[in-house]
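Just below is one structure, and these are the notes that go with it.
The values are calculated or read from the model by the stated rules, or taken from the named source; none is laboratory data. Keep in mind that this is a model prediction, so the values were computed, not measured. FYI the Cβ positions are ideal-geometry reconstructions off the backbone, even for glycines, and counts take in every protein chain you see. When the accessible area is computed, the model is the full protein with side chains, heavy atoms only, and any ligands, DNA or RNA have been set aside. Shrake-Rupley method; radii C 1.70, N 1.55, O 1.52, S 1.80 Å.
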Amino acid sequence: MATLMSGGALGDELAPLAEATQDALFGGSVVLFQPPRGAGYRTNVDALLLAGFATTSKVASVAFDLGAGVGAVGLALLRLGAAKRVVFVEIDEHPAAMARRNLDANGWTARGEVVRADVRDVARSRRGEASLVVCNPPYIAPGRGRVSPSQARARSGELGTFVEAARQVAGRKARVCFVYPAQELGTLLETLAQEGLHAKRLRFVHGTPEAPARVALVEAQAGRAGGLSVMSPLVERGPRGYTPEMQALLARG
């Protein structure tokens, strides 16, 4: 059963919901309420890339979406059949309220739980519960780069906080999947290793065939290092628009 977030007056929670735009994922098969442009962080294709990467033949009993925002990654996991149940962890009140609304709007109230809390607190209280962890973490470390005030919390944060939380909520054989800028892949792999998580699967995403990799998709597990499988690159666009693989992902469902 989805859990309503604690804290804040009811009117404060309803206001951002009334102002949200109603968008869609997977060709309209998933409803997505999110902040209007300029009013907060809006979902981009990285959320779907991560969910697609995390989807394998093995269905997770419980997935944790850390820093879930309005819930795009977790919703995509449910739509793709990657998880039976998803726990959405989001610290900010307004995105968390939208995540709850999105679960309800798609008929998945019983398959999701929205926890409005710091990922560190959730990690301490729910150790080892996840069979899959997904995370599209903030790409900008605090104090580095320029971030608009409306997107500050979603875009700026410490990678180590999310990696540590992922390690704690992950069960013994859980898969942990991240999407991160390709040029910072070394930082991600090092941070994962510091928490005893070692990369087992890696895929680079390129905007075009000629462009350098834009982001990296990484699956890690606890245990011994080694055994890394580097997949063929995913190219988003060709001369005539989205590549067949991207078209299939965006329309999937």
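Would you check which residues across segment 119-136 are assigned to a loop (DSSP other than H, G, I, E, B) and either under 13 Å from residue 66 (Cα atoms) or in contact with a strand residue (DSSP E or B) (Cβ under 8 Å, 6 or more places away or on another chain) (or both) and list them?
Scanning segment 119-136 gives 126, 128, 129, 136.
Tell me whether segment 139-151 contains one or more residues that are at pLDDT 95 or above, part of a strand (DSSP E or B) and touching a strand residue (DSSP E or B) at 6+ places or on another chain (Cβ under 9 Å).
Step one: list which residues in segment 139-151 are at pLDDT 95 or above, which gives none.
No, every residue in segment 139-151 fails to be at pLDDT 95 or above, part of a strand (DSSP E or B) and touching a strand residue (DSSP E or B) at 6+ places or on another chain (Cβ under 9 Å).
Would you confirm, using the coordinates I've provided, whether residue 95 is part of a helix (DSSP H, G or I) and either open to solvent by 30 Å² or more (accessible area, probe 1.4 Å) or touching a helix residue (DSSP H, G or I) at 6+ places or on another chain (Cβ under 7 Å) (or both)?
Against the criterion (part of a helix (DSSP H, G or I) and either open to solvent by 30 Å² or more (accessible area, probe 1.4 Å) or touching a helix residue (DSSP H, G or I) at 6+ places or on another chain (Cβ under 7 Å) (or both)), residue 95 qualifies.
Give the residue, chosen from 216, 174, that is open to solvent by less than 20 Å² (accessible area, probe 1.4 Å), within 17 Å of the chain's Cα centre (by Cα) and over 19 Å from residue 45 (Cα atoms).
174
What number goes with the only condition from (1) over 8 Å from the mean Cα position of the chain (by Cα); (2) more than 15 Å from residue 180 (Cα to Cα) that residue 74 does not pass?
That leaves (1) as the condition not met.
Being in contact (Cβ under 8 Å) with a residue 60 or more places away in the chain and surrounded by fewer than 17 Cβ atoms within 10 Å (Cβ to Cβ) is the filter here, so list the residues in segment 225-249 that pass it.
none
Please tell me if residue 201 is within 19 Å of the chain's Cα centre (by Cα) and open to solvent by 40 Å² or more (accessible area, probe 1.4 Å).
yes
Residue under question is residue 86, and the condition is that it be touching a residue at least 12 places away in the same chain (Cβ under 8 Å) and either under 20 Å from residue 50 (Cα atoms) or crowded, with 24+ Cβ neighbours inside 10 Å (or both); does it hold? Explain how you work it out, then say what you get.
Working: touching a residue at least 12 places away in the same chain (Cβ under 8 Å): yes; either under 20 Å from residue 50 (Cα atoms) or crowded, with 24+ Cβ neighbours inside 10 Å (or both): yes.
So residue 86 fits the description; yes.
List the helices (runs of 4 or more DSSP H) inside segment 152-224, counting only whole elements, that have at least 3 residues being in contact (Cβ under 8 Å) with a residue 12 or more places away in the chain, farther than 30 Å from residue 240 by Cβ and of a type in the set (S, T, N, Q). Even if it seems obvious, please write down each step before you answer.
Details: elements: 152-155, 159-169, 185-194.
Here the list reads 185-194.
Please work out which residue is farthest from the chain's Cα centre (by Cα), limiting yourself to segment 41-71 and to residues that are of a type in the set (Gly, Ala, Ser) and more than 12 Å from residue 176 (Cα to Cα). I'd like the intermediate steps shown before the answer.
First, the residues of segment 41-71 that are of a type in the set (Gly, Ala, Ser): 47, 51-52, 54, 57, 60-61, 63, 67-69, 71.
Among the residues that remain, those that are also more than 12 Å from residue 176 (Cα to Cα) are: 47, 52, 57, 61, 67-69, 71.
Numbers: 47: 6, 52: 11, 57: 19, 61: 17, 67: 7, 68: 6, 69: 8, 71: 8 Å.
For segment 41-71, the residue satisfying everything is 57.
Name the residue, out of 38, 107, 74, 52, that is in contact (Cβ under 8 Å) with a residue 40 or more places away in the chain and part of a loop (DSSP other than H, G, I, E, B).
38
If you take the residues of segment 22-77 that are of a type in the set (S, T, N, Q) and within 17 Å of residue 248 (Cα to Cα), which of them is surrounded by the fewest Cβ atoms within 10 Å (Cβ to Cβ)?
Step one: list which residues in segment 22-77 are of a type in the set (S, T, N, Q), which gives 22, 29, 34, 43-44, 55-57, 61.
Right, trim to within 17 Å of residue 248 (Cα to Cα) and you get 29, 44, 55-56.
On the way: 29: 12, 44: 10, 55: 21, 56: 13.
Checking each candidate, the answer is 44.
Is it the case that residue 57 is polar (S, T, N, Q) and modelled with pLDDT of 95 or more?
The answer is no for residue 57.
Does segment 161-173 contain any residue that is modelled with pLDDT under 95 and of a type in the set (A, V, I, L, M)?
There is no residue in segment 161-173 that is modelled with pLDDT under 95 and of a type in the set (A, V, I, L, M).
Can you find, within segment 106-118, the residue that is nearest to residue 50 (Cα to Cα) among those that are in contact with a strand residue (DSSP E or B) (Cβ under 9 Å, 6 or more places away or on another chain) and open to solvent by 50 Å² or more (accessible area, probe 1.4 Å)?
My answer is 111.
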